[in-house]
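Undergrad: Here you go, one structure.
The values are calculated or read from the model by the stated rules, or taken from the named source; none is laboratory data. Given the structure is predicted, the values throughout are model-derived calculations rather than measurements. Quick reminder, even Gly has a Cβ in these numbers, built from the backbone with ideal geometry, and neighbours come from all protein chains shown.
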Amino acid sequence: MSAARVIFEDERLLVVDKPAGQPTIPGRGDVREALNVELARARGLRLFVVHRLDLEASGLVVFAKDADAHRVLCAQFEQRRAEKTYLAAVAGMLTGEGVCDVPLKEFGSGRVAPSPEGKPSLTRWRAVRALRGATLLNVSPQTGRRHQIRAHLCALGHAILGDPRYGPAPRPVGGAPRLLLHALSLRVSVDKTYEWGAPPGADFEAALPRI
């Protein structure tokens, strides 16, 4: 079993805190069993995938247990009505808050980068506290592009610590042992409004540069 922790479960929804390094769904070259496969097998039922969390990231992922809940949740994510907040530790110093709205394009390698031909993308950020040579941010993606937060923060010149793909060499950025990106909170509605939170784990905290 993985270190995934169940945050909430009822007859329609399952919310878990995904550990860094475990894929949300099966992919090429995976070294660990995908989260949806593991959870479905343990429960003896089908789980409907609503959204994904990067392999290297940790935090909240919601699955639907029936087709109707899946349809409702997918519509909320597609229409940008699902509210998501992430915690990210980035290289360099940032203060206050800001927005990055650079269009993003996905290339054949799977890498995402700013491009005039890219899709509209919007990420809001707010500085939480200063670290040694870094900053802890609250980040809210307003669109759902692949690797959006990582690509946008890199475009701002403040790549996420531990990122093996985005940011200046040498990578992982800052030598951190894992990507310091964590899905902190999620708010959705299915019959009623739900709001969940999951603080980052010990591996995230241990990798933060000292304040």
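Matching residues to (1) farther than 24 Å from Arg129 by Cβ; (2) part of a helix (DSSP H, G or I):
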| position | (1), (2) |
| --- | --- |
| Gly27 | yes, no |
| Ala40 | yes, yes |
| Arg46 | yes, no |
| Phe77 | yes, yes |
| Arg80 | yes, no |
| Ala88 | no, no |
| Thr95 | no, no |
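Undergrad: Report, by residue number, each residue of the stretch 141-192 that is closer than 15 Å to Val102 by Cα and polar (S, T, N, Q).
TA: Gln142, Thr143, Gln148
Undergrad: Kindly indicate which of Ala42, Ala4, Ala34 is in contact with a Pro (Cβ under 7 Å, 6 or more places away or on another chain) and in contact (Cβ under 8 Å) with a residue 24 or more places away in the chain.
TA: Ala4
Undergrad: Next up: Can you pull out every residue in the stretch 181-211 that is at pLDDT 95 or above and in contact with a helix residue (DSSP H, G or I) (Cβ under 6 Å, 6 or more places away or on another chain)?
TA: Answer for the stretch 181-211, where residues must be at pLDDT 95 or above and in contact with a helix residue (DSSP H, G or I) (Cβ under 6 Å, 6 or more places away or on another chain): His182, Val188.
Undergrad: A follow-up question, please. Return yes when Leu156 is surrounded by fewer than 21 Cβ atoms within 10 Å (Cβ to Cβ), at pLDDT 95 or above, of a type outside the set (Ser, Thr, Tyr) and not assigned by TED's automatic domain parsing to the domain that holds Ser58 and no when it is not.
TA: yes
Undergrad: How many residues, within the stretch 197-211, are part of a loop (DSSP other than H, G, I, E, B) and within 21 Å of Val62 (Cα to Cα)?
TA: 4
Undergrad: Sticking with this structure for a sec: Identify, by number, the condition in (1) outside any loop (DSSP other than H, G, I, E, B); (2) under 30 Å from Arg12 (Cβ atoms); (3) not aromatic (Phe, Trp, Tyr) that Ala113 doesn't meet.
TA: (2)
Undergrad: Let me ask something else. Which of (1) within 16 Å of the chain's Cα centre (by Cα); (2) not in a loop (DSSP other than H, G, I, E, B); (3) not assigned by TED's automatic domain parsing to the domain that holds Gly175 is the odd one out, the single condition Asp54 does not satisfy?
TA: Among (1) within 16 Å of the chain's Cα centre (by Cα); (2) not in a loop (DSSP other than H, G, I, E, B); (3) not assigned by TED's automatic domain parsing to the domain that holds Gly175, the lone unmet condition for Asp54 is (2).
Undergrad: Right, something else. Within the stretch 126-146, restricting attention to residues that are outside any strand (DSSP E or B) and touching a strand residue (DSSP E or B) at 6+ places or on another chain (Cβ under 9 Å), which residue is surrounded by the most Cβ atoms within 10 Å (Cβ to Cβ)?
TA: Residue satisfying both the conditions and the ranking: Arg145.
Undergrad: A further question follows. Is it the case, given these coordinates, that Cys74 is within 19 Å of Ala183 (Cα to Cα), in the same structural domain as Arg52 (by TED's automatic domain parsing), among the hydrophobic types (A, V, I, L, M, F, W, C) and touching a residue at least 24 places away in the same chain (Cβ under 8 Å)?
TA: For Cys74, the condition - within 19 Å of Ala183 (Cα to Cα), in the same structural domain as Arg52 (by TED's automatic domain parsing), among the hydrophobic types (A, V, I, L, M, F, W, C) and touching a residue at least 24 places away in the same chain (Cβ under 8 Å) - is met.
Undergrad: Ok, one more. Of all residues being among the aliphatic types (A, V, I, L, M) and part of a strand (DSSP E or B) in the stretch 97-110, which is nearest to Arg145 (Cα to Cα)? Just the residue, please.
TA: By that ranking, first place goes to Leu104.
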